[in-house]
Amino acid sequence: MNIIVCVSLVPDSTTKVKISADNKSLDPNGVSYILNPYDEFAVEEAVQLKEKNGGELTAVSFGLDKSKEAVKKAFQMGADKGVLIKPDNENYDSYTVAKNLAEYIKSKNPDIILFGKQSIDFDGLSIPNMVAEMLKLPSVNVVVKLTVDGTKVTAEREIEGGLEILETSLPVVIGTQKGINNPRYPNLKSIMASKSKPIEEIKPTYTGNKTEIVEMALPAAKGSGKILTGGADQVSELVRLLREEAKVI
Amino acid sequence: MSYKILAFVESKENKFKSPAFEVVSEANKLASELNTTFEVLTIGNDEVKNDAPILGNYGATKVNFVNLNELNSKSGKSDFVYSQTAFAKVIANYASKNGFNLILLSGSALGKDIAPRISVLLDASYCPDAVDIKIQDGKIISKRPVYAGKSYINLSFNSENIVIGLRPNVFKPVKSGNNSAEVSSVDINSLDIFDVDFSTVVKEIKVSSEKLDVAEADIIVSGGRGLRGPENFNLIENLAASLGAATGASRAVVDAGWRPHGEQVGQTGKTVSPSLYVACGISGAIQHLAGMSSSKVIVAINKDKDAPIFQIADYGIVGDVFEILPALTEEIKKVKSN
Ligand SMILES: Cc1cc2nc3c(=O)[nH]c(=O)nc-3n(C[C@H](O)[C@H](O)[C@H](O)COP(=O)(O)OP(=O)(O)OC[C@H]3O[C@@H](n4cnc5c(N)ncnc54)[C@H](O)[C@@H]3O)c2cc1C
Ligand SMILES: Nc1ncnc2c1ncn2[C@@H]1O[C@H](COP(=O)(O)O)[C@@H](O)[C@H]1O
């Protein structure tokens, strides 16, 4: 089975967001970066598919040099090959990322392409299905259960208040959600082995964003709340405030 | 640039509910700000068609209706509920054939699934998860949270076509009168839909429980590790019942197996923006805040006055959930019965 997993490097979720002087981007000082948590599920699912069906697993990331860390983490978990599509600068939007991933994927003709459902930096939830449409492939995102049987694919995806059971066939694009598996912790041996693996660098084939960030800003600070310190005795006061002041009940 | 707006709306159990009213209201508002018109597109069965005139209350004059059975018959298959790939194609083709260049839809599970495909089909700029849309110097600027709500960006668009997904529960449904919208059936043959457009189909929808889902609720009562064990979540359920709320949970209690994953609020759970969010025995870790900080009113109940949740709470009580929750439930029942 020829498997591709797309991985993204993102600021750790505990990052304190500060805005750069250009008012359009995150100030990278002091930020530590990690493999996007949802992509860990994608890599794990890809490794399991490879273990079951044989074949080759390639991890691809679009980004500057630091994104190699995402590919390295995929190596540690079991990816065979790594690719970095490296643009000249960090000014790219989801469309540009999707377009370049799609071009690369097309050249490799994989049986299955795995993504995380969403990156935790820009929270787009959009690249998997954009790539699928660019490649005219079926796709299922927010998947909590995946079964591949020959070329037949069954997936369960989360929706409001329940699950959808979908049916489709290979080649397919899948976006993974928490619950689909438990990502493995790399062991020392795989960490050591991954160190010598090369990451192929290629140039983007497409530039030309469809959206521009005109401003990045912090949300307006909340006025300090009314916190009552009298315990259960102040329940009626709380209810009064919620009714008369906040008007929510 | 002149815009022509198309609002795609979904129904639920064959009726239009607040996500549809939110999208129509915002389309109506933008149309007047841009000095243009808007139309609505929907896909459903006859019951949905019969419910469509109600969208007139929110400013729609014309609802274009695509019959789901006619659409599905283009697949050559019969044993499925619907196909999101076909929905995306219907909306994109309807828009391009009729000159619509600004598409609004809800950022529901369906909306988030089809909008990226629609944007590629229309070669459009796409903004998911918008919380505000403004017109500045005739250009559309859309605001969306990033970094789990810790900051936001304002986006402008480079393409002639634009697709914007609206974060559910943020845009207010605005009744603009008691008008009934005209419903017009779309000829399915005009949309160029073929069997290949049904590459992904939903075979079955499993409703996880009869309970209200956090993603759809207007009020949420959530419990965390402060509840000490699954047996005490009746306190959360009772308070939720008194408020007509959905029950939510922190990841700590979901991972411990006390509550189902579907209730988890936060970065790896659901993102919610209810009008009232009550956090009980939840510390307010950044990953939890990521999922609920855009709630309109936040109430925290925690015995630790320094718990981070109090920093974003609008109201709160410092105290023991085992004393406060029963008293609060009684007090709410009392005021509601008056
Ligand atoms: C990658 C990643 C993703 C994550 N995603 C999520 C997510 O989606 N959602 C999420 O919630 N978390 C998430 N977390 C976990 C998060 O960091 C916290 O561990 C979790 O939210 C803590 O849950 P809690 O508030 O219930 O428990 P705790 O942090 O243990 O807090 C319990 C609180 O209860 C209070 N308390 C105790 N007893 C009482 C009492 N009798 N009366 C009143 N108050 C009492 C305590 O003062 C304390 O503040 C994630 C973590 C990581 C690393
Ligand atoms: N720069 C990137 N390089 C490779 N894959 C990416 C990149 N950005 C996002 N992805 C993939 O697309 C998924 C969804 O991202 P998004 O649409 O941005 O929420 C992620 O979970 C990754 O699998």
*With (1) within 11 Å of chain B (Cβ to nearest Cβ); (2) among the charged types (D, E, K, R); (3) away from ligand 1 (no atom under 16 Å from the Cβ) as the list, and A:Asp121 as the residue in question, which single condition is left unmet?*
(3)
*Count, please, the residues in the stretch A:28-50 that happen to be of a type in the set (D, E, K, R) and modelled with pLDDT under 95.*
0
_Looking only at residues that are assigned to a loop (DSSP other than H, G, I, E, B) and open to solvent by 90 Å² or more (accessible area, probe 1.4 Å) in the stretch A:219-249, which one is farthest from B:Val297 (Cα to Cα)?_
A:Thr229
*Just checking, which of B:Val207, B:Val214, B:Val202 is under 27 Å from B:Val81 (Cα atoms), without any contact (Cβ under 8 Å) to a residue 12 or more places away in the chain and not assigned by TED's automatic domain parsing to the domain that holds B:Ala20?*
B:Val207
*Total residues in the stretch B:282-328, condition more than 9 Å from ligand 1 (Cβ to nearest atom), open to solvent by 10 Å² or more (accessible area, probe 1.4 Å) and touching a helix residue (DSSP H, G or I) at 6+ places or on another chain (Cβ under 8 Å)*: 7
*Can you spot a residue in the stretch B:67-88 that is within 16 Å of B:Asn161 (Cβ to Cβ) and part of a helix (DSSP H, G or I)?*
yes
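Could you pull out every one of the helices (runs of 4 or more DSSP H) wholly within the stretch A:56-168 that has 2 or more residues that are of a type in the set (S, T, N, Q) and near ligand 2 (Cβ under 10 Å from one of its atoms)? Before you say what the answer is, go through the steps one by one.
Values: elements: A:68-77, A:94-108, A:127-134.
Of the helices (runs of 4 or more DSSP H) lying wholly inside the stretch A:56-168, those with at least 2 residues that are of a type in the set (S, T, N, Q) and near ligand 2 (Cβ under 10 Å from one of its atoms) span A:94-108.
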*Which of the residues that make up the stretch A:21-40 are more than 15 Å from ligand 2 (Cβ to nearest atom), more than 11 Å from every other protein chain (Cβ to nearest Cβ) and either farther than 17 Å from A:Leu64 by Cβ or open to solvent by less than 40 Å² (accessible area, probe 1.4 Å) (or both)?*
A:Ala21, A:Gly30
*Picking from A:Val43, A:Val47, which residue would you name as being of a type in the set (A, V, I, L, M), more than 16 Å from ligand 1 (Cβ to nearest atom) and away from chain B (no Cβ under 13 Å)?*
A:Val47
*For B:Ile153, which of the numbered conditions (1) of a type outside the set (D, E, K, R); (2) more than 18 Å from B:Ile103 (Cβ to Cβ); (3) more than 10 Å from every other protein chain (Cβ to nearest Cβ); (4) surrounded by 17 or more Cβ atoms within 10 Å (Cβ to Cβ) fails to hold?*
(3)
*Read through the list (1) away from chain A (no Cβ under 11 Å); (2) surrounded by fewer than 17 Cβ atoms within 10 Å (Cβ to Cβ); (3) not in a strand (DSSP E or B), then give the number of the only condition that B:Val196 fails.*
(1)
*Count of residues meeting criterion [of a type in the set (S, T, N, Q), open to solvent by 20 Å² or more (accessible area, probe 1.4 Å) and farther than 29 Å from A:Glu133 by Cα] in the stretch A:183-212*: 3
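The values are calculated or read from the model by the stated rules, or taken from the named source; none is laboratory data. Values in this document were obtained by computation on a predicted structure and should not be read as measured data. Glycine also receives a Cβ, built like all others from the backbone with ideal geometry; neighbour counts cover every protein chain displayed. Side chains included, ligands, DNA and RNA excluded: accessible areas come from the protein's heavy atoms. Shrake-Rupley method; radii C 1.70, N 1.55, O 1.52, S 1.80 Å.
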